[in-house]
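I have placed the structure first, in the form of structure tokens, so that the comments after it can refer back to it.
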Amino acid sequence: MQKTRIHAMFSASSGNWPGRMPADCRESVGAGTGRREVVHNLVGRGIYADDMAKTAPSSKLRILGNSDMALTPIGFGAWAIGGGDWQYSWGPQDDKDSIAAIHKALDMGINWIDTAAIYGLGHSEEVVAKALKTASRKPYVFTKCSLCWRDDKSIYNSLKPASLVEELEASLRRLGVETIDLYQIHWPNPDPEIEEGWETLERFRKQGKVRWIGVSNFDVEQMKRAQKIAPITSLQPPYSMLRRAIETDILPFTKASGIGVINYSPMLSGMLTGKMSAERVAAMPADDWRRRNPEFNEPRLNRNLRLVELLRQIGGGHGVTPGVVAIAWTLHHPAITAAIVGGRNAGQVEETAAALDFRLSEDEYARINAFLAANPA
């Protein structure tokens, strides 16, 4: 079978491209579930790239919102590979390690990458492009807009049409693609510009420069404003067992509205990986933004490290790391389509790839929630 993207593999004779998967390859669900899992064997039917499917044959693909994109339960997050020397960096990063991490993710069966123009001030997108030039498998590529930077590396927000046009063209050039699979507004700022910004993304979609459009970090009212203009394919919010605010209003809304959800920071930016310690936090580079995060400082740090030991106990019985347990906890929520999981080298990716298949039992999920209730932030 030819190596290519899922969305490029629909037969021209089937009448199902573009815009939807063949009806007999989609699980029938009630309106507004916001999550569909493709559980059929797609390998022999020309839907899922043969070489990618073989690496994770038991993974369930999940349709993202109103799109035709069938995603693996986790995707590769490209924030950290943007490198150092900018406001929200993770410290220095070797591009060779980043490329190896992306290749490993694809080899393990992950079929989508999420990046953003702002990550490394354009560098993350460039690294993704370099990796895909030599990759044997071509994933879906998602990126984000609305965060811009000046020559002095200071960052500002803009949803003005002219700014977004400039951003899109720059992302297309850096990524080396003609069309972006999912283009997302990174932050809803400035708030008064949301409508004109969303109108501009819808225009990009109609022009064929992006296939689907989504939002990130939006609240319910902001999503409702956008919906009056054009459908929202997906929301990208922060979500982990230590950051649960979206459970109250946002996730019920996306589930009822059929909006896909790809959550970021399921391991809370490395806190829940099982490799963090007070000593490691203290030794973080000066430009690592996590040094300023309350979860990496006392009094929360001690509580978080105790939580990790519980995740280690649960994961130990299954041969998986605390980070994989943390990811599985987020995927347990029915409104979550898939989780964004970062990786700075191939070894990290190989460890977390177990989250493609590992799922928590109800008892294990309850044990974690009991700890969280007994040890509030």
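The values are calculated or read from the model by the stated rules, or taken from the named source; none is laboratory data. Quantities reported herein were computed from a predicted structural model and do not represent experimental measurements. For neighbour counting, all protein chains shown are included, and Cβ atoms are generated from backbone atoms with ideal geometry for every residue, glycine included.
Quick check: anything in the stretch 232-253 surrounded by fewer than 18 Cβ atoms within 10 Å (Cβ to Cβ), modelled with pLDDT of 95 or more, under 19 Å from I368 (Cα atoms) and among the hydroxyl-bearing types (S, T, Y)? The answer is yes, given that some residue of the stretch 232-253 is surrounded by fewer than 18 Cβ atoms within 10 Å (Cβ to Cβ), modelled with pLDDT of 95 or more, under 19 Å from I368 (Cα atoms) and among the hydroxyl-bearing types (S, T, Y). Anything in the stretch 192-212 that is part of a strand (DSSP E or B) and not charged (D, E, K, R)? List them, or say none. Scanning the stretch 192-212 gives V210, W212. The set of residues in the stretch 132-150 that are surrounded by fewer than 24 Cβ atoms within 10 Å (Cβ to Cβ), among the charged types (D, E, K, R) and closer than 24 Å to I185 by Cβ contains only R150.
Restricting the stretch 189-203 to residues that are surrounded by fewer than 20 Cβ atoms within 10 Å (Cβ to Cβ) and not acidic (D, E), the residue that is nearest to the chain's Cα centre (by Cα) is N189.
Residues in the stretch 155-176 that are part of a loop (DSSP other than H, G, I, E, B), in contact (Cβ under 8 Å) with a residue 40 or more places away in the chain and either basic (K, R) or surrounded by fewer than 22 Cβ atoms within 10 Å (Cβ to Cβ) (or both): how many? The total comes to 1.
Look at K54 and say whether it is among the charged types (D, E, K, R), out of contact with any Asp or Glu (no Cβ under 8 Å at 6 or more places or on another chain), over 17 Å from N263 (Cα atoms) and modelled with pLDDT under 95. Answer is yes for this residue. In the set A373, A335, only one residue is among the aliphatic types (A, V, I, L, M) and free of Cβ contacts under 8 Å to residues at least 40 places away in the same chain; that residue is A373. Looking only at residues in the stretch 254-286 that are surrounded by fewer than 18 Cβ atoms within 10 Å (Cβ to Cβ) and in a loop (DSSP other than H, G, I, E, B), the one that is modelled with the lowest pLDDT is S277.
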